[in-house]
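Some notes on the structure that comes next.
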Amino acid sequence: MEKLPVGCLDTECKRLKKRKMSQVKFEELLDAGVHFGHLKRKWNPAMAPYIFMERNGIHIFDLHKTSAKIDEAAKALKQIAKSGRKILFVATKKQAKDIISDHVGGVKMPYVVERWPGGMLTNFPTIRKAVKKMSLIDKLMADSSWKSLSKRERLQITRQRAKLEKTLGSIQDLTRLPAAMFVVDVMKEQIAVKEAIRLNIPIFGIVDTNSDPSNIDFVIPANDDATKSIELIVKEMTKAIEEGIQERKAEQKNDAGTKEKKVVKGKGEEPKRRRARKDAAKVEAAPEKAEESTETKAEEKE
């Protein structure tokens, strides 16, 4: 894919910098080459609202809109992570595989970086059976009967385990359908996008100028070919997810603390009530005792 070098767009960069936006974020987006689109002849007209201009036959993204869309997507992902639900990341292109496995694996979210297994979402129970098969193989390998198998049988089972690990190992913790899906290249991952649309799963996607944004719920208009561009956007998303997870943990701790306080308070109130009742009884009995004492004294005098 032909891309212009950064140095040839000095005038355009100066014009873009005049826009109202965070200077630091702008510089990061610019250095990462997020603003480069595809050739003009390969563009999708539906991406026209996100294109700033055309230079030497290549479309340039409006970084002001890209920055706003990144923030919008990050906020939405943060809320999903805060609710304790899972977000599935999909990126089978070579440039994004290592980025997704490093950053997304760090926040313990499921991801697919190898071939997308057809029907992974629409036929989810079958995929779960394959994942359970991995755990059964692990139990078999840990059992003493493993050594009793022939060398050929053990080799076949280990190869099967390695194949399942490669394709499904990253979604081992995905016990139910994800709450959302993040796609790096919506054009390349068409099958995954179609399955998510069929199941009404919200889609977050990096959309280049040659893609159709109409079916994407949270569009991030950006260069989906450059490694730096993908890494910058994925970092922002994983940061937001991490914040959401931390906030969820903090809320759970606070809830647990308030429950403990209520329990302690409930135990302490009962003795206090008993003491108050005893004191009230003493006060009520005090006048009667005083009257009895005066009567006894008068009788003694007589």
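So here's what we get for this one:
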item: Residue list for the range 124-150, filter: among the aromatic types (F, W, Y) and either under 30 Å from A179 (Cα atoms) or not in a helix (DSSP H, G or I) (or both); result: F124
item: Residue in the range 151-184 that is farthest from L121 (Cα to Cα), counting only those that are modelled with pLDDT of 90 or more and in a loop (DSSP other than H, G, I, E, B); result: V184
item: Filtered residue count, the range 195-206, keeping only those that are more than 10 Å from L121 (Cα to Cα) and in a helix (DSSP H, G or I); result: 1
item: Boolean, F124 is among the aromatic types (F, W, Y) and more than 30 Å from A32 (Cβ to Cβ); result: yes
item: Single condition V24 does not satisfy, out of (1) over 30 Å from E251 (Cα atoms); (2) surrounded by fewer than 19 Cβ atoms within 10 Å (Cβ to Cβ); (3) modelled with pLDDT of 90 or more; (4) not basic (K, R); result: (3)
item: Residue within the range 98-113 that is over 29 Å from Q246 (Cβ atoms), out of contact with any Cys (no Cβ under 6 Å at 6 or more places or on another chain) and in a loop (DSSP other than H, G, I, E, B) present; result: no
item: Failed criterion for K133 (all others in (1) surrounded by fewer than 17 Cβ atoms within 10 Å (Cβ to Cβ); (2) in contact with an Asp or Glu (Cβ under 6 Å, 6 or more places away or on another chain) hold); result: (2)
item: Residue match in the range 178-190 (condition: in contact with a helix residue (DSSP H, G or I) (Cβ under 6 Å, 6 or more places away or on another chain), touching a residue at least 24 places away in the same chain (Cβ under 8 Å) and surrounded by fewer than 20 Cβ atoms within 10 Å (Cβ to Cβ)); result: yes
item: Search result, residues across the range 158-175 that are over 24 Å from the mean Cα position of the chain (by Cα) and of a type in the set (S, T, N, Q); result: T158, Q160
item: Pick from the range 76-97, criterion of a type in the set (G, A, S) and more than 16 Å from G244 (Cβ to Cβ), ranking: surrounded by the fewest Cβ atoms within 10 Å (Cβ to Cβ); result: A96
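The values are calculated or read from the model by the stated rules, or taken from the named source; none is laboratory data. Given the structure is predicted, the values throughout are model-derived calculations rather than measurements. Note that we place each Cβ from the backbone using ideal geometry, even for glycine, and neighbour counts take in every protein chain shown.
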